[in-house]
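The values are calculated or read from the model by the stated rules, or taken from the named source; none is laboratory data. What you are looking at is a predicted structure, and each value in this text was computed from that prediction instead of being measured. All Cβ positions, even for glycine, are placed from backbone atoms using ideal geometry, and neighbour counts span all protein chains on display.
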Amino acid sequence: MASTSTLTLEPETPYRLDTETSILIAHLILDDIEEINGPCKGKSCHIAPSTDEEYAFQVQAESLQTLLVLLEDSLFAQSVDEALCSDQHHLNAVRVVEQGAEDDHRAALALSQGQPIPEKSASQRLLEDPAFSLPS
């Protein structure tokens, strides 16, 4: 049974690297591997069996590619999280305005059908509050 290696994201050093630095290092190592292996020339490259060293570089490159995908996904997720956090006030204000508009529409329908107007919703009361303002 062939043994598989596991990719760990935890460095064995006493310090942690930020994601951007880790991505840069992985790219630099991949560049080094490509430079060491050199470009593949002709049919002999595909026919000749790989040496242990070439195979080791190939496995390392594949591991680094996997690591890059994980790091870049993590960077994207952090970016989305930061955007959501920074936009939270805007999103809440839009939610209140939309809910207020929906509640106003329900009240208008009730009025047009001769039904009693429902009590004002929390969104409607908030929108009528002079202290409420949309973030700029």
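Would you point out the residue of region 78-96, among those that are surrounded by 11 or more Cβ atoms within 10 Å (Cβ to Cβ) and within 25 Å of ASP18 (Cα to Cα), that is nearest to the chain's Cα centre (by Cα)? Across region 78-96, the extreme among qualifying residues is GLN78.
For residues that are more than 30 Å from SER79 (Cβ to Cβ) and of a type in the set (Val, Ile, Thr), scanning just region 10-68, find the one that is modelled with the highest pLDDT.
Residues of region 10-68 more than 30 Å from SER79 (Cβ to Cβ): 35-59.
The next check asks that each one be of a type in the set (Val, Ile, Thr); those that pass are 36, 47, 51, 59.
Details: ILE36: 88, ILE47: 67, THR51: 86, VAL59: 94.
Only one residue fits best here, namely VAL59.
Consider ALA110 carefully, then state whether it is more than 35 Å from the chain's Cα centre (by Cα) and either over 30 Å from THR19 (Cβ atoms) or among the β-branched types (Val, Ile, Thr) (or both). Against the criterion (more than 35 Å from the chain's Cα centre (by Cα) and either over 30 Å from THR19 (Cβ atoms) or among the β-branched types (Val, Ile, Thr) (or both)), ALA110 qualifies.
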